[in-house]
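**Student:** Okay, here's the structure, questions in a sec.
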Amino acid sequence: MQDVTDLAFMQVIAFYGAPDFFFTEFFRVHSQSRPEKHILRSIDENRTGRPVFAQLIGEDLIHLERTARELLRHPIAGIDLNLGCPAPKVYKKNVGGGLLRDPERIDEILGLLRASVPGLFTVKMRIGFEDTRHFDRILDMINRHGVNLLTVHGRTVKEMYRSDVHYDAIGHAATRVKCPVLANGNVTSANTARRVLDTTGAAGVMIGRHAIRNPWIFRQCREAFAGKTPVVLRLHDVREYVERLYRATFAPDVPEVAHVNKMKKYLNFVGQGVDATGSFLHDMRRTQSEADLFGVCDRHLLANGDVPFALEPYPGVIARPNCETPDSNADGCSLDTITA
Ligand SMILES: Cc1cc2nc3c(=O)[nH]c(=O)nc-3n(C[C@H](O)[C@H](O)[C@H](O)COP(=O)(O)O)c2cc1C
């Protein structure tokens, strides 16, 4: 996830129980692009013990090939192509989710990347741009080009992040393509993961926002899949997570208030599991300093330390849709949390 899945975040997640593999934030590909250094760090310095796929977003054939070749010199598990980003600034350039309007171009890109990537080549897609008119055609291309793994986020680009997820469309993809499919979208807990696997027939799930809220989710999935009861965490464990994330993502050259604001991006999700009224979120969003922030954490998380951290997000305590790119704030999409 853009601005989230960096080296520090991956390491914090791995501390609580890593997923089977990670995907980087997307590398932007165009004529002037060079692989972003901070994303390369999440590959070169990955100490999670789990493989990491490098994700590309772009539509220029020459530069996609150049970037793929460059990334293949790094210790990646494979190359992943983004066909899902719904941020208007992105899709208007005909990249990410924008490409779903242009199956011919997707065909060319898949052919080119398949020929350039000797190892694993994977794709992450939504089910369409505004409807599913090209879905089957693109799924057939996934087969024709020998894509090794397909992740399907069960929404159209126009549906952004908040609509219901069309798990039936993910199930359809799982039967139509030859490679394994990962189901993505609103996998909120280990129980949901189990249900989504059962209903879609997918080989696995990809979890995004709910790993920010609950970094124990991968461990809980493993426990649930093994027939065990997933571990229940308490608010004092969440206090420890917040502190660990704060220290891991700290950079000495970043002003304190900027770091506190960065933390709010993660805490908007964490807060969905803290209390049903959203009062942690309300207080957290008003903090301006490290001392304020941890004061709020102490009041809400330590004082109620034995209260269980909800396995599912509380209904009505929601984060606004997000546009997968730092530029997205300019379009009015942000990680700010609202409580209904
Ligand atoms: C902050 C943020 C950044 C994201 N960045 C990316 C990205 O770089 N590449 C990508 O394929 N998906 C990205 N996504 C989309 C997620 O991977 C995922 O498809 C979507 O959030 C739905 O899954 P979830 O309900 O598990 O979060 C991002 C989502 C969020 C919230």
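**Student:** Quick check: the angle from helix 103-116's long axis to the longest principal axis of the chain, C-alpha only, nearest 10 degrees?
**Tutor:** Here the helix axis deviates by roughly 90 degrees.
**Student:** Could you please rank Glu45, Glu59, Glu36, placing first whichever residue has the fewest other Cβ atoms within 10 Å of its Cβ?
**Tutor:** On the way: Glu45 11, Glu59 19, Glu36 14.
By the 10 Å Cβ count, ascending: Glu45, Glu36, Glu59.
**Student:** Could you let me know the centre-to-centre spacing of the range 187-212 and the range 231-257, using Cα atoms, in angstrom?
**Tutor:** First find each Cα centre; the distance between them is then 25 Å.
**Student:** In a Gaussian network model over the chain where Cα atoms closer than 10 Å are linked, find which of Asp136, Asp253, Asp20 has the largest mean-square fluctuation.
**Tutor:** Asp253
**Student:** Kindly work out what percent of the DSSP beta bridges joining two residues of the chain are antiparallel, to the nearest 5. Could the numbers behind the result be given before it?
**Tutor:** Numbers: 4 of 32 bridges.
Percentage antiparallel, nearest 5: 10.
**Student:** On to the next question. Quick check: the angle from helix 61-71's long axis to the longest principal axis of the chain, C-alpha only, nearest 10 degrees?
**Tutor:** 50 degrees
**Student:** Give the aspartates and glutamates reachable from Lys93 as a straight Cα distance under 13 Å; neighbours fewer than 8 places away on the same chain don't count.
**Tutor:** Glu59, Asp60, Asp102
**Student:** Determine the dipole magnitude for the chain: charges of +1 sit on the beta-carbon of Lys and Arg, -1 on that of Asp and Glu, nothing else is charged, the reference point is the Cα centre, and the result goes in debye to the nearest 20. Write down the numbers at each step before the final one.
**Tutor:** Working: 43 positive and 41 negative charges, 82 e Å.
Using only the charged Cβ atoms, the result is roughly 400 debye.
**Student:** Next question, about the same structure. For the range 184-262, which chymotrypsin sites (Phe, Trp or Tyr not before Pro) are both in a DSSP coil and crowded by at most 16 other Cβ atoms within 10 Å? Write out the running numbers ahead of the final one.
**Tutor:** Values: sites: Trp216, Phe218, Phe225, Tyr241, Tyr246, Phe250; in loops: Trp216, Phe250.
Of the chymotrypsin sites (Phe, Trp or Tyr not before Pro), the ones in loops of the range 184-262 whose Cβ has at most 16 other Cβ atoms within 10 Å are Phe250.
**Student:** Mind ranking 90-96, 100-106, 158-164 by how tightly packed they are, going by the mean number of other C-beta atoms within 10 angstrom, highest first?
**Tutor:** Numbers: 90-96: 19.9, 100-106: 17.3, 158-164: 15.3.
Ranked from most to least packed, the peptides come out as 90-96, 100-106, 158-164.
**Student:** Tell me which lysines have Cα within less than 22 Å of Lys178's Cα, excluding those fewer than 8 residues away on the same chain?
**Tutor:** Correct list for Lys178: Lys124.
**Student:** Using DSSP to call loops (not H, G, I, E or B), can you name the trypsin sites (Lys or Arg not before Pro) in the range 1-76 whose Cβ has at most 13 other Cβ atoms within 10 angstrom?
**Tutor:** Working: sites: Arg28, Lys37, Arg41, Arg47, Arg66, Arg69, Arg73; in loops: Arg47, Arg73.
Here the sparse-neighbourhood loop sites are Arg47, Arg73.
**Student:** Hey, another quick one. Using a cut-off of 17 Å between alpha-carbon atoms, which lysines can reach Lys92, once sequence neighbours fewer than 8 places away in the same chain are excluded?
**Tutor:** The qualifying lysines are Lys158.
**Student:** What is the range 7-225 by shape, rounded, prolate or oblate, if you read a ≥ b ≥ c off the alpha carbon gyration tensor as root eigenvalues and call it rounded for a/c under 1.5, prolate for a/b larger than b/c, and oblate otherwise? If you can, show how the numbers build up before the last one.
**Tutor:** Numbers: a/c = 1.59, a/b = 1.09, b/c = 1.45.
Taking the square roots of the gyration eigenvalues as a ≥ b ≥ c, the range 7-225 is oblate.
**Student:** Would you grab the residues whose amide H sits under 5 Å from the one on Asp80? Only those 5+ places off in sequence or on another chain, please, with H modelled 1.01 Å from N.
**Tutor:** Those lying under 5 Å, H to H, from Asp80 are Ala54, Gln55, Leu56, Thr122.
**Student:** What whole-number distance in Å separates the alpha-carbon centres of the range 16-52 and the range 258-309?
**Tutor:** Comparing the Cα centres of the range 16-52 and the range 258-309, I get a distance of 28 Å.
Quick note: the coordinates plus some simple rules give every number you see, no bench work behind them. All of these numbers come straight from a predicted model, not from anything done at the bench. For neighbour counting, all protein chains shown are included, and Cβ atoms are generated from backbone atoms with ideal geometry for every residue, glycine included.
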